[in-house]
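The values are calculated or read from the model by the stated rules, or taken from the named source; none is laboratory data. Being a predicted model, the structure only gives us computed values, none of them experimental. Cβ atoms come from the backbone with ideal geometry, glycine included; neighbour counts cover every protein chain shown.
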Amino acid sequence: MKQYKALIIKEWHTHRNTFLVPSYVLAVFLLLSTLVSVFARIRYGAPTINLNVSGSFGAMLVLRNLHYLMSVVLGWFVIVISLQLNDNLLNHDFQKKCEIMHGSQPVSMVKVLAAKFTFSVPMMMGQYLILAILSSLILSAVVAFLGFNSWIMGLKAMLSPALLVFVSMMVLSSVMWLFSSVFRKKAFLNLYVTLIVIESLRMILIHLWGVSNVFSPLRYYIQAFTMPFSILNIQSTQVSLVMESVFSQQNLIRLGVSILMYIAGYFIYRRRELS
């Protein structure tokens, strides 16, 4: 356990700037929004905002969807940073010419890669949840001045896509993990080229033989990326509805494939020649 903790601390000191990019961006966004709001208040006076939307869409539903949309956009950004972090975690030692030194430490490869995985997915998810809750509280505080009490509803809407964000992160991070294990340089570029080539071959196969049910990896990962947006049309943020969507057979298969990719990446990375 001490070795594992030391490895986590090592990854933190090495990659904390990349890890904290979502926090930095959110902080800058909030700062700029505050400055613009203060300037607009001084220059133009208090704005007149009408959230009483006519029809079946009331103000609270608009606010709920706004909280949800903010959570999904934040989740997408965290997932993108997680992909970059995977490449950094697995190939930073090679790029800095210190693979042999770190590879000679008396620590099992299982602990080394477990620490890297923990840093790239569970800890990144923890950061996402903290930022989502913080964003929800700030938005609720702003709309409270307009007379709308959206604290509880906002938190529920913010956290409702969290499990879907986790599944999406696992699916996308696992393939990036695998390619980062195989390619020490330009792993993302190689992943992108591979998906495009497979999709091109798939389209040729469909055109020549008329086969329409050929699996598309590119579409698979696009669907995984857009998955957190899939429950926006649900008019309630009940956990049971979200849980049913997360633990569908399709998502369980996605998680199973992701675990297999992580395992494959472990065996490939363990057999890489140190340089």
Would you please name the residue that is modelled with the lowest pLDDT, looking only at residues in region 264-275 that are surrounded by 12 or more Cβ atoms within 10 Å (Cβ to Cβ) and not in a loop (DSSP other than H, G, I, E, B)? R270
So V142 clears everything in (1) over 20 Å from L74 (Cα atoms); (2) surrounded by fewer than 21 Cβ atoms within 10 Å (Cβ to Cβ) except one condition, right? Which one? (1)
I'd like the full set of residues that are touching a residue at least 12 places away in the same chain (Cβ under 8 Å), more than 16 Å from the chain's Cα centre (by Cα) and assigned to a helix (DSSP H, G or I), limited to region 136-163. S136, L137, I138, L139, S140, V143, W151, M153, G154, L155, K156, A157
Complete set of residues in region 204-223 that are modelled with pLDDT of 90 or more and of a type in the set (A, V, I, L, M): L218, I222
Mind telling me which of the residues V167, V193 ends up being buried (at least 19 other Cβ atoms within 10 Å of the Cβ), assigned to a helix (DSSP H, G or I), among the β-branched types (V, I, T) and modelled with pLDDT of 90 or more? V167
Name the pairs: first residue in region 185-214 and more than 20 Å from L85 (Cα to Cα), second residue among the β-branched types (V, I, T) and in a loop (DSSP other than H, G, I, E, B), Cβ to Cβ under 7 Å, at least 6 apart or on different chains? R202/V214; L205/V211; L205/V214; I206/V214
Examine region 57-75 for a residue that is part of a loop (DSSP other than H, G, I, E, B), at pLDDT below 85 and under 27 Å from K10 (Cβ atoms), and state whether such a residue exists. no
Given the conditions (1) farther than 27 Å from G75 by Cα; (2) touching a Phe, Trp or Tyr at 6+ places or on another chain (Cβ under 8 Å); (3) of a type in the set (S, T, Y), report the number of the one that T194 does not fulfil. (1)
Residue ID - surrounded by the fewest Cβ atoms within 10 Å (Cβ to Cβ), chosen from residues in region 196-223 that are among the aromatic types (F, W, Y) and in a helix (DSSP H, G or I): W209
Where the second residue is hydroxyl-bearing (S, T, Y) and the first is touching a residue at least 12 places away in the same chain (Cβ under 8 Å) and lies in region 215-227, which pairs have Cβ atoms under 7 Å and are six or more apart or on separate chains? A224/S168; F225/S168; M227/S168
Flag for I130 being modelled with pLDDT of 90 or more and either out of contact with any strand residue (DSSP E or B) (no Cβ under 7 Å at 6 or more places or on another chain) or loosely packed, with under 15 Cβ neighbours inside 10 Å (or both): yes
